[in-house]
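Working notes for the structure below.
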Amino acid sequence: MSNDTSKERILNCALSLFSDRGYDGVGIAEICTEAGITKPTLYYYFSSKDGLYRALWEKEFKPLRQALTDTAEYDPHPEDYEQDVLPVLVMVIEAYTTFSDAEPAFFRLLAALMFAPDGSAAVALAREYRNFQFDLFRTLFANMARAHGNLIGKEELLSASFLGMIFSYISIKDTAHFGAEAVARQFMHGIFS
């Protein structure tokens, strides 16, 4: 068995366990048992449980980071409601939805991180991924505020609200009868009212 295979198996087992029970709910011994490896093997690849958790985030978050970076670009068209804010919000919601469909276990871990207490070990180890999303959307709404003065000073609130709405939508999307555009329009109704 190759080293890459062992490393991938450890990451996959850790993802499954962490997404089901959280960072604090899983121990090194359990990860090793699940992956069929010894503790020295885990330590060889990741140094510690913290190192494993960081490596997992680095690997799994990369496609979402790229999708969000590609879609969270505001192209102002304030004279045309349908081509202004709506398209970018829909694309961002769809990026999260596509990612959650493709990576449901990691998306559960991401959702847990977004709502975890600030002082928790999980947040301490993966804060940069949570902050990336808030910072990206804060910038997005700051760019929108340049074209829509009523948004000035609300960028942080809009970022938090938009993220919360996206995670809520995804948690019920299999039972809901509305799509990304309906969600984006509802959000826009709130910010432009």
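The values are calculated or read from the model by the stated rules, or taken from the named source; none is laboratory data. Owing to the predicted nature of the structure, the values given are computational and were not obtained by experimental measurement. With ideal geometry, Cβ positions are generated from the backbone for all residues, glycine too; neighbour counts draw on all protein chains shown. These area figures cover heavy atoms from the full protein model, side chains too; ligands, DNA and RNA do not enter into them. Shrake-Rupley method; radii C 1.70, N 1.55, O 1.52, S 1.80 Å.
Brief remarks follow.
- The conditions of being under 16 Å from the mean Cα position of the chain (by Cα), of a type outside the set (Val, Ile, Thr) and more than 29 Å from His189 (Cα to Cα) are not met by Lys49.
- For the residues Glu156, Glu128, the requirement of being open to solvent by 60 Å² or more (accessible area, probe 1.4 Å) and farther than 17 Å from Arg54 by Cα singles out Glu156.
- Members of region 8-29 found to be over 20 Å from Gly119 (Cα atoms), of a type in the set (Gly, Ala, Ser) and without any contact (Cβ under 8 Å) to a residue 40 or more places away in the chain, listed by number: Ala29
- Check on Ser6, assigned to a helix (DSSP H, G or I), within 24 Å of the chain's Cα centre (by Cα) and buried (at least 17 other Cβ atoms within 10 Å of the Cβ): no
- Cβ-Cβ distances below 8 Å connect the following pairs, each with a first residue in region 30-42 that is more than 17 Å from Ala55 (Cα to Cα), a second residue that is open to solvent by 30 Å² or more (accessible area, probe 1.4 Å), and a separation of six or more residues or different chains: Glu34/Ser16; Gly36/Arg9; Ile37/Arg9.
- Residues satisfying the stated conditions in region 137-149, i.e. touching a Lys or Arg at 6+ places or on another chain (Cβ under 9 Å) and touching a residue at least 12 places away in the same chain (Cβ under 8 Å): Phe141
- Among residues of region 166-184 that are closer than 25 Å to Asp84 by Cβ, those with a beta-carbon under 8 Å from a residue that is among the aliphatic types (A, V, I, L, M) and surrounded by fewer than 14 Cβ atoms within 10 Å (Cβ to Cβ) at least six positions away or on a different chain give the pairs Tyr169/Ala176.
- Failed condition for Thr38, given (1) buried (at least 17 other Cβ atoms within 10 Å of the Cβ); (2) over 25 Å from Ser159 (Cβ atoms); (3) among the polar types (S, T, N, Q): (1)
- Picking from residues in region 159-193 that are open to solvent by less than 40 Å² (accessible area, probe 1.4 Å) and aromatic (Phe, Trp, Tyr), the one that is farthest from Phe115 (Cα to Cα) is Phe187.
- Odd one out for Ala126, checked against (1) free of Cβ contacts under 8 Å to residues at least 24 places away in the same chain; (2) touching a Leu at 6+ places or on another chain (Cβ under 6 Å): (1)
- Among the candidates Ala111, Ala126, Ala116, Ala102, residue that is small (Gly, Ala, Ser), out of contact with any Pro (no Cβ under 9 Å at 6 or more places or on another chain) and within 18 Å of Ala67 (Cα to Cα): Ala111
- Residue within region 24-35 that is assigned to a helix (DSSP H, G or I), among the small types (Gly, Ala, Ser), modelled with pLDDT of 95 or more and open to solvent by less than 20 Å² (accessible area, probe 1.4 Å) present: yes
- Annotation for region 136-155: no member residue is aliphatic (A, V, I, L, M), outside any loop (DSSP other than H, G, I, E, B) and under 11 Å from the mean Cα position of the chain (by Cα).
- Residue check for Arg108: of a type in the set (Lys, Arg), surrounded by 15 or more Cβ atoms within 10 Å (Cβ to Cβ) and farther than 24 Å from Leu52 by Cα: no
- Note on region 47-103: residues that are among the polar types (S, T, N, Q), in a helix (DSSP H, G or I) and open to solvent by 40 Å² or more (accessible area, probe 1.4 Å) amount to 4.
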